[in-house]
Structures are given as C-alpha cells and as structure tokens.
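The values are calculated or read from the model by the stated rules, or taken from the named source; none is laboratory data. None of the values given here were measured: they were computed from a predicted structure. All Cβ positions, even for glycine, are placed from backbone atoms using ideal geometry, and neighbour counts span all protein chains on display.
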Amino acid sequence: MVTSPIQQPSTVPGPLRPPTTRRPPATLPGELHALSRALAAPTGDPRWRERVLVRLGPVRQGFAEHVRVTEGPAGRYAELLGHAPRLEHGVRLLTREHAAIAAALAALAQAAELPGASVDDLLGRAGHLLRALARHRQRGADLIWQAYQTDLGGET
C-alpha cells in the first residue's frame, strides 16, 4: 500500500543551456584516421595540400602528448620498467622511435608547406610516416603484453 503521493517528473523545463560547440578532445588514432582521409582525397583538388596540413597539426600535437606521457621519470615507460625491468631494450627502442617519428612528422609538414613539393613526394612521406606510427603502436602494445601477460612459471 502506498501511503504518500507518487512523485512525477516535472514538466517545467529546466534552465536553458547554450549548445556546446567544443569538440571533445580527439585521440591520436582518431587524428591519424582524419589525416589518412585527407591524404586519400583527390589530389587534384586545389585545397588538398591545405587540408593535409590542417589534419597534420593535430597529429603532431597528439604525438607530442604521447611522448610527454610515456617518457620521463614519471612516464608510462618508467612504470613499465618498474614492473618488468627485463623490457629495457624494448623501451629504449620505442624511445628512439619517438625521435624518428617526430622528425618524419616535421619533414612532412615542411614539405607540404612548399608549393613546389610534388604530390607523389608528399604521399610517399605520409605513407612512410603512417607505417612507422602503426609499427610503433604495435611494438608498444606488444611490450605491454609482455610486461603484464607473460607467464614466468612457478604457479600450478
């Protein structure tokens, strides 16, 4: 038996809120996908190079953030080595890749800003960059798997 009135939701609208136009922060994989789409667009479009440059900026920022979060004494790599010191060689390799990938990002941006750079050159540089980023991501995932999922034995 109900002894008190049933509460119904109010039909009076709440305060009006302005619509938000801010985009949520993008992830590096999402920015890479956007760059890939820009690269895949028809290269005859007069704004193709501009669109590639626009999409390259967030990739560079996202990668710089990735480096900031992973390297250093409080970074993810230090945490990983604290758990699995045996993976030091793999961490050193990933850290060296950071420098190479950052250089490839800068070289692509510089080439894309040159009006005389050929589309084939830009596509070649971009392809190299995207492959390097994919390999780096896979190596990082493999290293994390090795650190936390490898069975060292001793348990029954």
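When the stretch 35-52 is filtered for residues that are of a type in the set (A, V, I, L, M) and crowded, with 17+ Cβ neighbours inside 10 Å, the ones remaining, listed by number, are Leu35, Ala38, Leu39, Val52. Return yes or no: is Pro24 in a loop (DSSP other than H, G, I, E, B), closer than 30 Å to Asp142 by Cβ and either out of contact with any Phe, Trp or Tyr (no Cβ under 6 Å at 6 or more places or on another chain) or modelled with pLDDT under 95 (or both)? Taking the combined requirement at face value, the residue satisfies it.
Residue count for the stretch 118-133 satisfying the condition of being more than 14 Å from Ala100 (Cβ to Cβ) and either surrounded by fewer than 14 Cβ atoms within 10 Å (Cβ to Cβ) or out of contact with any helix residue (DSSP H, G or I) (no Cβ under 7 Å at 6 or more places or on another chain) (or both): 5. Within the stretch 136-155, none of the residues are surrounded by 11 or more Cβ atoms within 10 Å (Cβ to Cβ) and within 24 Å of Thr43 (Cα to Cα).
Residues in the stretch 74-92 that are over 30 Å from Ala109 (Cβ atoms) and out of contact with any Leu (no Cβ under 7 Å at 6 or more places or on another chain) were compared, and the one that is modelled with the highest pLDDT is His89.
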